[in-house]
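Below you'll find the structure, written out as structure tokens, and then a few comments.
The values are calculated or read from the model by the stated rules, or taken from the named source; none is laboratory data. From a predicted model like this one, the values you see are computed outputs, not experimental measurements. Virtual Cβ from ideal backbone geometry, glycine too; neighbours counted across all protein chains shown. Note: accessible area is taken over every heavy atom of the protein model, side chains too, but ligands, DNA and RNA are not part of it. Shrake-Rupley method; radii C 1.70, N 1.55, O 1.52, S 1.80 Å.
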Amino acid sequence: MSNNTDFTLAELMIVAASEAWRGDGEVLASGIGVIPRLGASLAKLTYAPELLMTDSECFLVEEPIPLGPRGDFVPKYSGYMSFERVFECVWGGRRHAMIGPTQIDRFGQTNLSVVGDYKKPKAAILGVRGLPGNSINHINSFFVPNHSKRVFVEGEVDMVSGVGFNPARWEPGMKQDFMDIRRIVTDLCVLDFEGPEHAIRVRSLHPGVSFDEVQEKTGFPLLQAPELGETPHPTAAQLEIIRRLDPHDLRGAQIKGNPPGIRATA
Amino acid sequence: MNKLMTTADVVAQLRDGMTIGFGGWGPRRKPMAIVREILRSDVKDLTVVSYGGPDVGMLCAAGKVKKLIFGFATLDAIPLEPWYRKVRESGALELMELDEGMWQWGLRAAGMRVPFLPTRCGLATDVTKLNPELKTIQSPYADGEVLLAMPALKLDVALVHVNVADRLGNTLIQGGDPYFDHLVARAADACYVSAERVEERLALTPEQARFNTFERYLVKGVVHAPCGAHPTTCAPEYGWDMGHFKRYVASAAEEGGWQAYMDEFVTPGEAAYQDKNGGIERMGKLPLPVF
């Protein structure tokens, strides 16, 4: 690990997100949103060159595309991945997506549809989108830019859009084997589902964050991974790649106030 | 054979209570000129089947939608569709909210004239809980797996916008992603397309001909509608109109906002619409979004 301390929280989260794809093999890496997409791109350019990626439209590229206006950069396409083909990939299970749900519960069930009562919701969000199909067919990770009890809800999410480890939701004969929820990267920590009966654990804490603070901002009890430590800092090489992939600093607008990666002690 | 007609001719084919499917995806290649014609008509109580963008939002705002069969509604760069949200939050919509993969699966079943297609998508979520008409089925083979039987989504009418069409009903989609227009067309009793350009007869190279994604026997009518996808994209020709979208989004927060939007952009007709948006020259050159 480098001793580099000059990085932002967004950059720390990009590196943490990139770790989600380690060891997945030849799957389509879909990072939806700026930080997950930069995470997937970083993974491909460092320890996971075997990953498949798109240009965020409909073509496969072997070299990740920088975000925003591209200047001189001309994408080199290696294949095609229209929405129709994405479904074929999803249903065939060769994908690991990272998306940002509106709510997540202790079972890993996710919600992107509505907050509040379904018939007359407090807030209509996007709709379930591809969550039911993604979650039951391939590997998924989540991204939470603002770790709070509003996201990590007590009880179940208001509208179960993505499946999770809630036994009450699974009827006999339904195939649960393809469900694989890996990581949650938040602005406070990295979580996984590797506790007893897939209980959520804190796997690493971002610099300056305590387990108690994470617990306080989470609507259900958390476990600590035995190897719980600090989220690895970005190396100089990783930062160089991130800055090249995001020349317009879109990542700087992802976390409120664009705070430094190492939180100032109060 | 000449299938050329006007947007008004298309809307004259629509009846209250029909189930109408829309091509495109979110704010991309939506048949908006026809949507605006529907907004000007008194057709109502529609069941709208769409990968929702401003087509869904505007039809909701105008009170045309009885039921929505969808997986999402979004303007993409502006993630939340303002009028869908507003009407959805009022509790006024009947819904069949589906995984976006289930949506195309249902259209596929309709196009293939089978009552359902099996899938795992939707199981163990509230999609099945909230739509009790969705049934499961056990595999008749040794695995015995329990799957969702996605029912066919049969459409009365499909509305699709393409880059080029001819008078016979042949179509060409030149954007990178053809979305699911072929499934929308196949699921319907009648498909009407609007097109940026209409030719007498398409005469394509083999490379171009690959991007004819559904057969002309599905197409009942062809409308010449230049910039007919505005304010959504029509790649590779023009991108979405962010200025227009912002004005549209703002209307959802204003008192009487929908009526004001209608008065300004819709009621005066398509020629006035083009003038209001800087003319067809400007609209046809809006830059494509970069992701």
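If we sort A:6-12, B:100-106, A:221-227 on the protection proxy, mean other Cβ atoms within 10 Å, highest first, what's the order?
Highest to lowest by the protection proxy: B:100-106, A:6-12, A:221-227.
So for chain B, averaging the separation of alpha carbon pairs under 8 Å that are six or more residues apart and normalising by length, what relative contact order in percent results?
20
Residue B:80 accessible area, nearest 10 Å², 1.4 Å probe?
Roll a 1.4 Å probe over it and residue B:80 shows about 60 Å².
How are the C-alpha pair distances of the range A:116-266 spread across 10 Å bins, as whole percents from the shortest bin up?
P(r) for the range A:116-266, in whole percents per bin: 9, 32, 34, 21, 4, 0.
Which shape class applies to chain B: rounded if a/c is under 1.5, otherwise prolate when a/b exceeds b/c and oblate if not, where a ≥ b ≥ c are the square roots of the Cα gyration tensor eigenvalues?
It comes out oblate by the Cα gyration axes.
Test of understanding: extend the Cα→C-beta vector of residue A:77 to 7 Å, then name every residue of the range B:160-204 with backbone N under 15 Å from that spot.
Residues passing the 15 Å test: B:173-179.
Quick one: pull the percent of accessible area on the range B:144-291 belonging to carbon and sulfur, 1.4 Å probe, ligands and nucleic acids left out.
C and S atoms contribute 55 percent here.
For residue B:201 and residue B:254, what is the calculated FRET efficiency with R₀ set at 60 Å and r taken between the beta-carbons, to the nearest 0.05?
That pair, residue B:201 with residue B:254, gives E of 0.80.
Kirkwood hydrodynamic radius (Cα pairs, Å) of the range B:226-291?
12.4
If I take the Cα coordinates of the range B:140-291 and project them onto the principal axes, what are the three extents in Å, biggest first?
Per principal axis, max minus min of the Cα coordinates gives 60, 43, 33 Å.
If one takes the accessible area of chain A alone plus chain B alone and subtracts that of the pair, with a 1.4 Å probe, what total in Å², rounded to the nearest 100, results?
In total, this chain pair buries about 3900 Å².
Per residue, what volume in Å³ does the convex hull of the Cα atoms of the range A:78-166 enclose?
Spread over its residues, the Cα hull of the range A:78-166 gives 109 Å³ apiece.
Throw me the Rg/Rh for the range B:113-184, computed over C-alpha atoms with Kirkwood Rh, two decimals.
1.14
Pull up the cross-link candidates among the aspartates and glutamates for residue A:149, meaning alpha carbon to alpha carbon under 14 Å and not fewer than 8 places away within one chain.
Straight-line reach from residue A:149, under 14 Å: A:105, A:158, A:187, A:212, A:213, A:216.
Which distance in nm do the two modelled labels at residue B:149 and residue B:66 give, with both placed 7 Å along the Cα-to-Cβ direction?
Result for the modelled spin labels: 2.5 nm.
What is the distance in Å between the Cα centroid of the range B:85-136 and that of the range B:38-73?
If you average the Cα positions of each part, the centres end up 16 Å apart.
Please report how many Lys pairs in chain B have alpha carbons closer than 12 angstrom, counting only residues at least 8 apart along the chain or sitting on separate chains.
The number of close lysine pairs in chain B is 4.
What size of dipole, in debye to the nearest 20, comes out for chain B about its Cα centre when the only charges are +1 on Lys and Arg C-beta atoms and -1 on Asp and Glu C-beta atoms?
It comes to approximately 320 debye.
What is the calculated FRET efficiency for residue B:242 to residue B:142, with r their C-beta to C-beta distance and R₀ = 45 Å, to the nearest 0.05?
According to the calculation, E is roughly 0.25.
At a temperature of 25 °C and a viscosity of 0.890 mPa s, determine how fast chain A diffuses translationally according to Stokes-Einstein, using the Kirkwood radius over alpha-carbon pairs as Rh; express D in µm²/s, rounded to the nearest whole number.
Translational diffusion coefficient: 129 µm²/s.
Using the 2.2 N^0.38 Å rule of thumb for compact globular proteins, work out how the protein assembly as shown stacks up: its C-alpha Rg over that value, please.
0.98
So for the range A:1-157, what are the equivalent ellipsoid semi-axes in whole Å, largest first, each being the square root of 5 times an eigenvalue of the Cα gyration tensor?
Working from the Cα gyration tensor, I get semi-axes of 28, 21, 15 Å.
Once you have a ≥ b ≥ c as the square roots of the Cα gyration tensor eigenvalues for the range B:41-182, tell me rounded if a/c is under 1.5, and otherwise prolate or oblate according to whether a/b is larger than b/c.
Here the range B:41-182 falls in the oblate category.
Leaving out ligands and nucleic acids, note down the accessible area per residue over the range B:91-156 with a 1.4 angstrom probe, in whole Å².
43
Keeping all protein chains in place and using 1.4 angstrom, which order do A:63, A:230 fall into by accessible surface area, from largest down?
A:230, A:63
Once both labels are modelled 7 Å past Cα along the beta-carbon direction, what's the residue A:88-residue B:271 spacing in nm?
The modelled label-to-label distance comes out at 4.7 nm.
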